[in-house]
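What follows is a set of notes on a single structure, which appears directly below.
The values are calculated or read from the model by the stated rules, or taken from the named source; none is laboratory data. Keep in mind it's a predicted model, so treat the numbers as computed, not measured. No Cβ is skipped: glycine too gets one built from the backbone with ideal geometry, and neighbour counts run over all protein chains shown. For accessibility, only protein heavy atoms count, side chains too; no ligands or nucleic acids. Shrake-Rupley method; radii C 1.70, N 1.55, O 1.52, S 1.80 Å.
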Amino acid sequence: MGLPNLMSGVVLNGHGGPEMLELRSNLPVPTPGPNDVIIRVAAAGVNNTDINTRTAWYSKGDAEDADASWSGNPLEFPRVQGADVCGEIVAVGTKVDTSRVGERVLIEPCIRFANNVAQTPPWYFGSECDGGFAQFTRVDTRHAYAINSDLTDVELASFPCSYSTAENMLTRANLQAGETVLVTGASGGVGSATIQLAHARGANVVAMTSPSKMDTLKALGADRTLPRDADLVAQLGANCIDVVVDLVAGAKWPNLLDVLCSGGRYAVAGAIGGPMVELDVRTLYLKDLSFFGCTVLEPEVFGNLVGRIERSEIKPLVAHEFELKDINAAQMAFGNKGYTGKIVLKID
């Protein structure tokens, strides 16, 4: 049975508020290029990048459209967003083995290959190309990872973006068993993923969060929790942390460097507390610190993540589930931050 010609999905028509999102039932179903697969989307997670892209948060200049995507390239509208996708392959291109049809897959959100061309810098799924907030989506076959798991589609859709971001940060920072990692913004999708992944590596985890979420994070593997406004040096002592995984930045950012030990590593993939920080360069070089900005996934990261899911080394943390038509309510709930884990859209 062939695919339909049209599908339902949510398109982003431009930068701005929730009114820029439009639910449509007349979107063309994508057709595969030679190396592509077509995936029937079962569920798709909500992420910071969805809201940041919509509001042009990534733009660093006055012209919002000039650099308002992950790659720094202009964003093309309309765009189907959605980086977190779990679904089933229903069609393949001419150069893809037809045995892939029927596979349950997760999509790697960092797109190195699209339209049969290596993308430099890589694209981000749902930003530089259409993503998963629709009934069907298209991706190069090498970015569709088969997964064997008893978890539900919604549970699996909670993994790709947040957990691959977390795994990438820990990979780049080379966190080792027995080391201590400090995680800021620890109750969000990436933060809670980092706790589980760091715990699976045998590291000691210190998590910063609100008091109401501390018990939940301890159950995920945090060895110690601190409130967001904690005096880190007073609570932990100077020079005691091997790795900082930062998702917050903001005014108190210098304190993160104060608690890093000599030779410590700082990895960042978010700035929800504010992107502008004050750096005393003497702290950087006198303590021999290493800084890692983490967006592009290392090649081994997503495959390693899928393996951890299949071995049940990490577990999904779904806070709320919404229908695709309720995407505005889902993004509002996401913005309120009154939850731990992920918000996921179920797509019929």
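Side notes on the structure shown:
- Alpha-carbon centroid distance for the pair the range 269-309 / the range 91-116, whole angstrom: 29 Å
- If R0 is 30 Å, the Cβ-Cβ spacing of Ala238 and Lys218 corresponds to a FRET efficiency of close to 0.75.
- Helical runs assigned H by DSSP (4 residues or longer) give the chain a calculated mean residue ellipticity at 222 nm of -6500 deg cm²/dmol, each run adding -39500 (n - 2.57) before division by the residue total.
- 17 Å tail of the calculated P(r), the range 9-53, as % of Cα pairs: 51 percent
- Computed Kirkwood radius, in angstrom, where 1/r is averaged over Cα pairs of the range 232-295: 11.7 Å
- Normalised per residue, the volume of the convex hull around the Cα set of the chain (Å³): 129 Å³
- Debye log10 I(q)/I(0) for the range 225-268, one point scatterer per Cα, at q = 0.14, 0.24 Å⁻¹: -0.28, -0.85
- Considering only Leu236, Leu12, Leu170, the mean-square fluctuation computed in a Gaussian network model of the chain, springs between alpha carbons under 10 angstrom, is largest for Leu236.
- The chain - percent relative contact order, Cα under 8 Å, separation 6 or more: 17 percent
- Looking at the range 200-348, the accessible area is 48 square angstrom per residue; that uses a 1.4 Å probe and ignores ligands, DNA and RNA.
- Carbon and sulfur %, accessible surface of the range 177-317 computed with the full protein complex present, 1.4 Å: 51 percent
- Karplus-derived 3J(HN,Hα), 6.51/-1.76/1.60, for each residue of the range 236-252, Hz, glycine and proline x: 10, x, 6, 6, 10, 10, 7, 9, 10, 10, 10, 10, 10, 6, x, 5, 8
- Coil-residue trypsin sites (Lys or Arg not before Pro) of the range 263-348, DSSP, other Cβ within 10 Å capped at 13: Arg311, Lys337
- Were the residues from Asp231 through Ile51 laid out at 0.36 nm apart, the gain over their Cα-Cα distance would be 61.7 nm.
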